[in-house]
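The values are calculated or read from the model by the stated rules, or taken from the named source; none is laboratory data. Given the structure is predicted, the values throughout are model-derived calculations rather than measurements. Because the Cβ atoms are built from the backbone with ideal geometry, glycine has one as well, and the counts that use them run over all protein chains shown. Heads up: the accessible areas ignore ligands, DNA and RNA and are worked out on the full protein's heavy atoms, side chains in. Shrake-Rupley method; radii C 1.70, N 1.55, O 1.52, S 1.80 Å.
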Amino acid sequence: MISFRQVEKHFGDFHVLKAINLQIERGEVVVVVGPSGSGKSTLLRCINRLETVTSGELVVSGHQVNDKKTDINKLRRDIGMVFQHFNLYPHRKVIDNITLAPMKVLGLTRQEAEQTAMSYLEKVGIADKAGQYPSQLSGGQQQRVAIARGLAMKPQVMLFDEPTSALDPEMVGEVLDVMKALAKEGMTMVVVTHEMGFAREVADRVVFMDQGRIVEEAAPGEFFTSPREERARLFLNRVL
Ligand code: ADP
Ligand code: MG
């Protein structure tokens with residue numbers, strides 16, 4: 001589903017991603033961990049071309065991401081992304097936040113889009129909030145709206161960039177539960193998070209990044225009990 005081959009990324013003089021090789025299969029849940037500034041967000045943002053790679057090959061759901069001929073709208077249709085700060089449209093009701101893209105991009109009628117939206121709002125447990133504005137919802141509820149919005153495009157892959165980092169602690173669980181359910185249903189997911197419990201429980205694979213490199217890649221059982229790399233060991237000592 002996602003294939004990085006020798007991907008490099010520079011921001012001017014700054015070498016942010018170094019020789020990234022990573023293959024993610026359909027249905028896999030990969031959790032990316034590592035210190036702040038190690039390139040996790042950039043890695044994620046390259047997948048839907050919010051950032052362009054400098055060199056190397058990146059293929060996502062059959063699209064050559066860095067090929068000029070690639071239709072970026074088609075690529076993004078296949079990829080849902082959930083950010084730390086929800087990024088909902090503040091002046092639109094919850095339901096309209098979800099129906100907008102399916103109507104505009106997939107060409108659904110309002111009625112079809114609203115039906116789909118309601119089914120996803122039910123799935124994330126907040127169907128009763130459909131008529132509210134984002135500001136009337138808690139952070140955890142807003143993030144669940146953002147997840148429903150991503151799912152309503154029926155993506156092949158869902159990307160999560162620290163989806164619980166901006167939440168009050170008591171709301172982290174409700175968002176992680178929705179993500180766990182999604183993982184169980186077989187969604188392909190790439191998740192950047194500091195929630196090591198989630199990584200341990202849900203990840204098929206943990207990818208540890210440091211200074212722009214993938215330093216270690218392992219099953220969670222292995223990564224959390226006996227990391228091979230010293231840098232991974234130091235990181236785990238700090239966060240666990
Ligand atoms: P992480 O998500 O692991 O904290 P990021 O991918 O956000 O790391 O950032 C990696 C490094 O790249 C950081 O040093 C950051 O300052 C730098 N960086 C990120 N975005 C840009 C940008 N648009 N221009 C220049 N440097 C950037
Ligand atoms: Mg980040």
> Which value, in Å³ per residue, describes the convex hull spanned by the Cα atoms of segment 14-140?
Replying inline: 158 Å³
> In terms of solvent-accessible area of protein heavy atoms at a 1.4 angstrom probe, what is the ranking of Leu121, Leu240, Leu234, highest value first?
Replying inline: Leu240, Leu234, Leu121
> Can you give the Kirkwood hydrodynamic radius for segment 44-111, in Å, rounded to one decimal and based on Cα pairs?
Replying inline: 13.8 Å
> At a 1.4 Å probe, what is the % contribution of carbon and sulfur to the accessible area of segment 2-107?
Replying inline: 47 percent
> Roughly how many percent of the accessible protein surface of segment 113-240 is carbon and sulfur, given a 1.4 Å probe and a whole-percent answer?
Replying inline: 44 percent
> At Glu201 and Ser135, where each label point lies 7 Å from the Cα along Cα→Cβ, what is the point-to-point distance in nanometres?
Replying inline: 3.4 nm
> Between Glu229 and Ser165, what FRET efficiency follows from the Cβ-Cβ distance if R0 is 22 Å, with the result rounded to 0.05?
Replying inline: 0.35
> For segment 89-188, rounded, prolate or oblate, judged on the Cα gyration tensor with a ≥ b ≥ c (square roots of eigenvalues), a/c < 1.5 rounded, else prolate if a/b > b/c?
Replying inline: oblate
> What does the accessible area per residue of segment 171-215 come to in Å², with a 1.4 Å probe and no ligands, DNA or RNA counted?
Replying inline: 38 Å²
> Based on the Kirkwood radius over alpha-carbon pairs, what value in µm²/s does the Stokes-Einstein equation return for the translational diffusion coefficient of segment 108-167 at 37 °C and 0.692 mPa s?
Replying inline: 269 µm²/s
> From the cross-link list Lys40/Lys180; Lys18/Lys68; Lys104/Lys180; Lys18/Lys69; Lys68/Lys184, which pairs have alpha carbons spaced over 27 Å apart?
Replying inline: Lys104/Lys180; Lys68/Lys184
> What share of the DSSP beta bridges in segment 120-240 is antiparallel, in percent to the nearest 5?
Replying inline: 50 percent
> Which log10 I(q)/I(0) values, to two decimals, does the chain give at q = 0.16 Å⁻¹ under the Debye formula with one point per Cα?
Replying inline: -1.17
> Once fully extended, how much extra length lies between Met118 and Arg238, figured as 0.36 nm per residue of separation less the alpha-carbon to alpha-carbon distance?
Replying inline: 39.0 nm
> Given Cα pairs under 8 Å that are at least 6 residues apart, what percent is the relative contact order of segment 48-126?
Replying inline: 17 percent
>> If you wrap a convex hull around the alpha carbons of segment 166-231, what volume per residue comes out, as a whole number of Å³?
In response: 106 Å³
> Size of the dipole of the chain about the Cα centre, Lys and Arg at +1 and Asp and Glu at -1 on the beta carbon, nothing else charged, in debye to 20?
Replying inline: 620 debye
>> Per residue, how much accessible surface does segment 36-132 expose to a 1.4 Å probe? Answer in Å², no decimals.
In response: 53 Å²
